[in-house]
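Asker: Here it is, the structure, as structure tokens.
The values are calculated or read from the model by the stated rules, or taken from the named source; none is laboratory data. Because the structure is predicted, anything quoted here is derived from the model rather than measured. Every residue, glycine as well, gets a Cβ built from its backbone with ideal geometry; the counts of neighbours run over all protein chains shown.
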Amino acid sequence: MDRRLEWFITMLIGIVGVIGCWSALQIGGFAFDPLGSRAVPLGVSVLMIGLCVVQAGKWLLPRAPAVSATGAPVDIEKSDMKEDTLAQVGESVEDIFEARQLLAPLGMLTLCLGFIWLVFLERFPISLVTTAFVVVAAQLLPMPNRRRGTLIALMLGVVLGFGAEWLFTQVFFVDLPALG
């Protein structure tokens, strides 16, 4: 990804975090809500701001030079591969990433809109919709091992889906579409 685009996305997330923090601080507490309606938005906003600071720190701090196992400095630009082989691999990888960079965001946007639509229908349990969303969204991401990545996404989806349902129904006392 282009460095300017990374900066832009990081700053955008930081701005959303600051706005979220400010908005969460405007929310008053409620007697019937044990956790408080501002704790989660405030926590997420602070986390967003913290991650932006970490990312900015990575850019601003000088990088240590790469070293080999023997401790000698390594020139990352040079390689044992022939230049023509490296160029062929680079071109094919670039083609794959260009297509993925165009299609993956569009697919993710469509998937997010579908998730929101299914949640607002209130006909399907939020736990199953969230689980399915996480598994399908993971398929849009590049993975070195598709089977392992799908299994991890399934486990994460079950934890997020059923965990979010429990959190909202048992802690926040929000009625959600649920199983049975």
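Asker: Condition first: within 21 Å of residue 103 (Cα to Cα) and crowded, with 16+ Cβ neighbours inside 10 Å. Now tell me which residues in the range 118-139 satisfy that.
Answerer: The answer is 132, 133, 134, 135, 136, 137, 138.
Per-residue answers, yes or no, for (1) buried (at least 16 other Cβ atoms within 10 Å of the Cβ); (2) polar (S, T, N, Q); (3) under 28 Å from residue 38 (Cα atoms):
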site	(1), (2), (3)
141	no, no, no
145	no, yes, no
165	yes, no, yes
169	no, yes, yes
174	no, no, yes
177	yes, no, yes
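Asker: Here is a list: 84, 75, 33, 80. Which entry is at pLDDT below 60 and closer than 30 Å to residue 172 by Cα?
Answerer: So the residue among 84, 75, 33, 80 that is at pLDDT below 60 and closer than 30 Å to residue 172 by Cα is 33.
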